[in-house]
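A.B. asks: Please read through the structure below; I'll follow up with questions.
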Amino acid sequence: TYQPFDWEEYLRETNSIPAPQSCFKQAPHSPLNEFKVGMKLEALDPRNVTSTCIATVISILGPRLRLRLDGSDDKNDFWRLVDSSEIHPIGHCEKTGGMLQPPLGFRMNASSWPMFLLKTLNGAEMAPAKIFQKEPIGPRTNLFQLGQKLEAVDKKNPQLICCATVGAVKNDQIHVTFDGWRGAFDYFCKYDSRDIFPVGWCARSGHPMQPPGQKNNSGANRFRYRSVFQAPIPTPTVSSTAPEVQSPEADTSAPPPPPIMLHFRKTCSGGPLIDSSQ
Ligand code: MLZ
């Protein structure tokens, strides 16, 4: 059974306070999501924001849409809120004098784009204009304060919204630090980013929330990895120089042990004996 994260208890435990709603560019009541999987719409290409492309709704989480650009691959999906200013009903681009573009990495020859566009829109279910919501007006200045708690999109795993803390405030930016993850997912963003939410937003929006990384778990992992390095380094035995007296454990008749494969996280240092350049 799904147990929502207990923010109240966590705030008490960590003796911290949430960033107030007034800090965020998010609607006070999270918007209704009336989109359906398979609906088509217009979206800015996240990799080339001067292009408007056709996108399809791949899945839905609370007020968010997982989108895929038509003609692109399935490795570049992205998420948008239903009140994002970067999505529009089909027809919006033409109405405003623009032209629909193929996505960056269009998987066909550019010359086949007009025909592709025609075919992809033919008989498609287009998201009706009334289910698009107006983007909320954000605060005029950065109101965040150091140490405040929030919920934030993990940009490396953008389907996830996670427990986070304001780690720094610098001009119009904040440093979003993810609780319990040792900095591996942290980033700077503008105070009016659409990727940050007030405490309780996920619970109110029917969106799952990732609790803090488990200090216990990462501690245990760290210990497991370290114990490998702490093991004594075996001295290679060469017959002609082998010592007369061997330690009780040594058995020269035993076959050599099989090679050991070590798996590292990219963000971890293997210590002085490991070449981590590969
Ligand atoms: N599968 C990943 C998820 C990490 C998500 C962290 N979010 C701040 C991992 O366990 O590394």
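We did not get these values from a lab; they are worked out from the coordinates using the rules stated. Small disclaimer: the values here were computed from a predicted structure and weren't measured. Methodologically, a virtual Cβ is constructed for each residue, glycine included, from the backbone with ideal geometry; neighbour enumeration extends over all protein chains shown.
A.B. asks: Could you tell me what fraction of 2.2 N^0.38 Å the Cα radius of gyration of segment 34-127 comes to, as a two-decimal ratio?
C.D. replies: On the way: Rg = 12.3 Å, N = 94, 2.2 N^0.38 = 12.4 Å.
For segment 34-127, the normalised Cα radius of gyration is 0.99.
A.B. asks: At 7 Å along Cα-to-Cβ for each site, give me the label-to-label distance between His92 and Ala203 in nm.
C.D. replies: Label at His92, label at Ala203, 3.2 nm between them.
A.B. asks: Separate question: In terms of Cα to Cα distance under 12 Å, which aspartates and glutamates are near enough to Lys36, apart from those fewer than 8 places away along the same chain?
C.D. replies: Straight-distance partners of Lys36: Glu125.
A.B. asks: Could you name the lysines in cross-link range of Lys156, using Cα to Cα under 18 Å and dropping any fewer than eight places away on the same chain?
C.D. replies: Those lysines meeting the cut-off are Lys75, Lys190, Lys266.
A.B. asks: If R0 is 45 Å, what FRET efficiency do you get for Met115 and Lys155 from their C-beta distance, rounded to 0.05?
C.D. replies: On the way: r = 35 Å, r/R0 = 0.79.
Step by step, r from the Cβ atoms, then E = 0.80.
A.B. asks: Still on this structure: Where a Cα-Cα gap under 19 Å defines reach, which lysines qualify for Lys95, not counting those fewer than 8 residues away within the same chain?
C.D. replies: Lys95 reaches Lys40, Lys130, Lys134.
A.B. asks: Turning to a different aspect of this structure: How high is the FRET efficiency from Leu143 to Asn48, r the C-beta distance, R0 30 Å, rounded to 0.05?
C.D. replies: On the way: r = 32 Å, r/R0 = 1.08.
Working from the Cβ atoms, E equals 0.40.
A.B. asks: Right, here's the next one. Arrange the peptides 56-65, 112-121, 7-16 so that the one whose residues have, on average, the most other Cβ atoms within 10 Å appears first.
C.D. replies: Working: 56-65: 19.7, 112-121: 13.8, 7-16: 12.2.
Listed from highest to lowest mean packing, they are 56-65, 112-121, 7-16.
A.B. asks: Can you tell me the length gained on complete extension of the stretch Ile17 to Phe188, counting 0.36 nm per residue apart and subtracting the Cα distance?
C.D. replies: Working: separation 171, 0.36 × 171 = 61.56 nm, distance 2.02 nm.
Here the answer is 59.5 nm.
A.B. asks: Using only Cα atoms, locate the centre of segment 165-194 and the centre of segment 45-79, then give the distance between them in Å, rounded to an integer.
C.D. replies: Taking the Cα centre of segment 45-79 as reference, the centre of segment 165-194 is 24 Å away.
A.B. asks: Please find the FRET efficiency linking Met126 to Glu8, where r is the Cβ-Cβ separation and R0 is fixed at 45 Å, and quote it to the nearest 0.05.
C.D. replies: Details: r = 43 Å, r/R0 = 0.95.
After rounding to 0.05, the efficiency reads 0.60.
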